[in-house]
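Beneath this line is the structure, given in structure tokens, with notes to follow.
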Amino acid sequence: MLDSLPKDKSQKVIPNGYEEKVWKVTASDAAKNCKNYIRDIVDNLVLEPNPEKSLIALSIGDPTVYGNLSPPTETVQAVLEIVAEGKYNGYGPTVGTDDARKAVAKYLSFDGVEYNYKDVILCSGCSSSLDLCITALADPNKGHNIVIPKPGFTIYKTLAESIGVEVRNYNLIPEYDWIVDLAHLEAQIDNNTAAIVINNPSNPCGSVYSEDHLKDILDIAYKYKVPIIADEIYERLVFSETRFVSIAAVNSRVPVLVCGGLAKRFLVPGWRMGWILFNDPIGAFDSEIKKGLICLSQKTIGSNSIVQGALPTILELTPQKFYDDLNDTLYKNAKSAYDIISQINGLTPYMPAGTMYMMIKIEIQCFPQFQTGLDFMQRLMEEESVFCLPGECFGITGFMRIVITVPSEMLSEACERMSGFCKRYYQ
Ligand SMILES: *Cc1c(COP(=O)(O)O)cnc(C)c1O
């Protein structure tokens, strides 16, 4: 058989008029403009932990990594049963099955908000919900921009810039529990603004907005007739006396796309189940956006069928105690870290009202040895093997974010090490 192959494989047959090309496969703009801002910053740091001390990573925004937090047993059981039943192995409607959408509509209908299941689109995680919303609203060919929080979760920027949509930042104010600087938000908006992105409760700030603050944001959106994309992935993940209010509960006249999912509150980020809900009191999305989003959901042919099958059980049978215990554990961790860090000269922690994070300000002028917060954190890693995410990963300097989902002993140990480190360098 081999003998029948042409002897000289380098001999090429080139049709008339065809100019021979060399291989050059170039990436599209969408691929080239797709940036992972956290990786870009972290990869540029020299991170050598102290070999004498065990590494404590307070940087990873995944509550499952240390094994101390597990999803509700009802949730796990529901998935096992759905897999065993074998009825959810096929494709479903790209927006999700009616039963799963009904379950989400019911789960999020509280505080006077009432969703119909037709207001729900299921997606592959909340990131994918955000992707569809930004893509449906913002058009690079029309010079559109979106406005996003600073500090904020970088995926908004990644998603928008990948499709050529400009991003503008509005400030959050640390001194006022990280509320939106409303004047600054207003100053970012122009005729080409396609959406205002808000993230409540906030990653990385841990802040939770009041009803009044949400109304102020809605007023600005109404004034300029700009729809809102509300990232509520941390809905009801709040501490102590804090109450979570969805923007939908106080909205009577602004078209809002509410995004969320199972990842954080159910401790299953890898399951990739997210959703978009239409909170559109005036029907502004009816003519084009609804259809557009349904069509965009066809790009992935829908979200995970197994998790969809289990969704009604997950959302209905998870006992209140599970949610309360998780909030309580996170609150206790946040409080004990806060108590230690507030005693450290040169660091100012901001007690979170919810989420899985806490922001800490590095009073860099107190540490003349270090030029920037990044230098500070690099040395903290080298000497104490404690790693936090620099504020730069969220668009601001002079801060770091710690996760409070790690085991409590580990968190306290990390805070004590920070304390020792700061004592050595504080002036
Ligand atoms: C984790 C996170 C998401 C993404 O959630 P997935 O469902 O895992 O895609 C979205 N927004 C914020 C602010 C987050 O912290």
Subject >> Condition met for Met359 (crowded, with 23+ Cβ neighbours inside 10 Å and either of a type outside the set (Lys, Arg) or part of a helix (DSSP H, G or I) (or both)) >> reply: yes
Original post:
Which of the following residues is at pLDDT below 95 and more than 10 Å from the ligand (Cβ to nearest atom): Glu288, Glu241?
Top reply: Glu241
Subject >> Flag for Pro407 being out of contact with any strand residue (DSSP E or B) (no Cβ under 7 Å at 6 or more places or on another chain) and farther than 30 Å from Ala100 by Cα >> reply: yes
Original post:
Which one is most open to solvent (accessible area, probe 1.4 Å) among residues in segment 41-81 that are of a type in the set (D, E, K, R) and away from the ligand (no atom under 16 Å from the Cβ)?
Top reply: Glu52
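Would you pick out the residues in segment 122-161 that are of a type in the set (Val, Ile, Thr), out of contact with any Lys or Arg (no Cβ under 7 Å at 6 or more places or on another chain) and either part of a loop (DSSP other than H, G, I, E, B) or within 14 Å of the ligand (Cβ to nearest atom) (or both)? Steps first, please.
Applying the first criterion (of a type in the set (Val, Ile, Thr)) to segment 122-161 yields 134-135, 146-148, 154-155, 158.
Applying the additional criterion that residues be out of contact with any Lys or Arg (no Cβ under 7 Å at 6 or more places or on another chain) yields 134-135, 146, 154-155.
If the condition is that a residue be of a type in the set (Val, Ile, Thr), out of contact with any Lys or Arg (no Cβ under 7 Å at 6 or more places or on another chain) and either part of a loop (DSSP other than H, G, I, E, B) or within 14 Å of the ligand (Cβ to nearest atom) (or both), then Ile134, Thr154, Ile155 are the ones that fit.
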Original post:
Taking segment 229-251 as the search range and keeping residues that are open to solvent by 20 Å² or more (accessible area, probe 1.4 Å) and hydroxyl-bearing (Ser, Thr, Tyr), which one is nearest to the chain's Cα centre (by Cα)?
Top reply: Thr242
Subject >> Any pair with Cβ under 6 angstrom, 6 or more apart, that starts in segment 258-278 at a residue that is touching a residue at least 24 places away in the same chain (Cβ under 8 Å) and open to solvent by 10 Å² or more (accessible area, probe 1.4 Å) and ends at one that is within 7 Å of the ligand (Cβ to nearest atom) and β-branched (Val, Ile, Thr) >> reply: Lys264/Ile233
Original post:
Within segment 1-33, restricting attention to residues that are open to solvent by 100 Å² or more (accessible area, probe 1.4 Å) and β-branched (Val, Ile, Thr), which residue is modelled with the highest pLDDT?
Top reply: Val25
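The values are calculated or read from the model by the stated rules, or taken from the named source; none is laboratory data. Treat the numbers as computed from the prediction; the structure is a model and nothing was measured. Ideal geometry is used to build each Cβ from the backbone, glycine not excepted, and the neighbour counts take in all protein chains shown. For the accessible areas, the whole protein counts, side chains as well, though only heavy atoms, and no ligand, DNA or RNA atoms are used. Shrake-Rupley method; radii C 1.70, N 1.55, O 1.52, S 1.80 Å.
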